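> One structure, pasted below without further comment.
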Amino acid sequence: MDTKPSPQNIQDAFLNTARREKDTVTIYLMNGAKLSGRIKSFDKFSVLLESGAQEQLIFKHAISTILHVRRGTGDMRPSPTHSPPHTDTTIDAHGSSET
């Protein structure tokens, strides 16, 4: 019987790296809203995002894109042809929107 652990899927590997390194991520939602903070934890269905003293539970089905810029790697913004959906609305950790 083979007892090798199954390889971690790419989603879990990506989220776990961002969580472990405590880097800031930007999460773009399907409705175009943009959330920034640190990933505190995640599971099969959701991501817990920490921003200041606030925590937000974000359901994965509402997420379009997660941008993880690692510290010390310079500007890693996506190219314009691969940009996440953009609107002029930013939602902060308190649920307030800015336009």
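The values are calculated or read from the model by the stated rules, or taken from the named source; none is laboratory data. As the structure is a prediction and not an experimental result, all values here were calculated from the model. Reconstructed Cβ throughout: ideal geometry from the backbone, glycine too, with neighbour counts over all protein chains shown.
> Pairs please, first residue from region 16-40 and touching a residue at least 60 places away in the same chain (Cβ under 8 Å), second anywhere and assigned to a strand (DSSP E or B) and surrounded by 15 or more Cβ atoms within 10 Å (Cβ to Cβ), Cβ atoms under 7 Å, 6+ apart in sequence or on different chains.
Ala33/Ile91
> Select from region 20-43 the residues that are charged (D, E, K, R) and either crowded, with 18+ Cβ neighbours inside 10 Å or in contact with a helix residue (DSSP H, G or I) (Cβ under 8 Å, 6 or more places away or on another chain) (or both) and list them in ascending order. Break it down into steps so the answer makes sense when it comes.
Initial filter on region 20-43 (charged (D, E, K, R)): 20-23, 34, 38, 40, 43.
Scanning region 20-43 gives Lys34, Arg38, Lys40.
> Given the conditions (1) at pLDDT 95 or above; (2) surrounded by 10 or more Cβ atoms within 10 Å (Cβ to Cβ), which single one is not true for Arg70?
With respect to (1) at pLDDT 95 or above; (2) surrounded by 10 or more Cβ atoms within 10 Å (Cβ to Cβ), Arg70 is out only on (1).
> I'd like to verify a number: residues in region 20-34 that are out of contact with any Phe, Trp or Tyr (no Cβ under 7 Å at 6 or more places or on another chain) and within 13 Å of Ser51 (Cα to Cα), how many?
In the first step, residues of region 20-34 are kept if they are out of contact with any Phe, Trp or Tyr (no Cβ under 7 Å at 6 or more places or on another chain); the result is 20-33.
Next, only the ones that are within 13 Å of Ser51 (Cα to Cα) stay: 22-27.
Number satisfying all stated conditions: 6.
> Kindly indicate whether Leu48 is closer than 12 Å to His68 by Cα and either touching a helix residue (DSSP H, G or I) at 6+ places or on another chain (Cβ under 8 Å) or surrounded by 15 or more Cβ atoms within 10 Å (Cβ to Cβ) (or both).
Considered against the rule, which asks whether it is closer than 12 Å to His68 by Cα and either touching a helix residue (DSSP H, G or I) at 6+ places or on another chain (Cβ under 8 Å) or surrounded by 15 or more Cβ atoms within 10 Å (Cβ to Cβ) (or both), Leu48 comes out as no.
> With the structure loaded, tell me whether Thr87 is modelled with pLDDT of 95 or more and either surrounded by 11 or more Cβ atoms within 10 Å (Cβ to Cβ) or not aliphatic (A, V, I, L, M) (or both) or whether it fails that test. Show your work before the answer.
On the way: modelled with pLDDT of 95 or more: no; either surrounded by 11 or more Cβ atoms within 10 Å (Cβ to Cβ) or not aliphatic (A, V, I, L, M) (or both): yes.
Against the criterion (modelled with pLDDT of 95 or more and either surrounded by 11 or more Cβ atoms within 10 Å (Cβ to Cβ) or not aliphatic (A, V, I, L, M) (or both)), Thr87 does not qualify.
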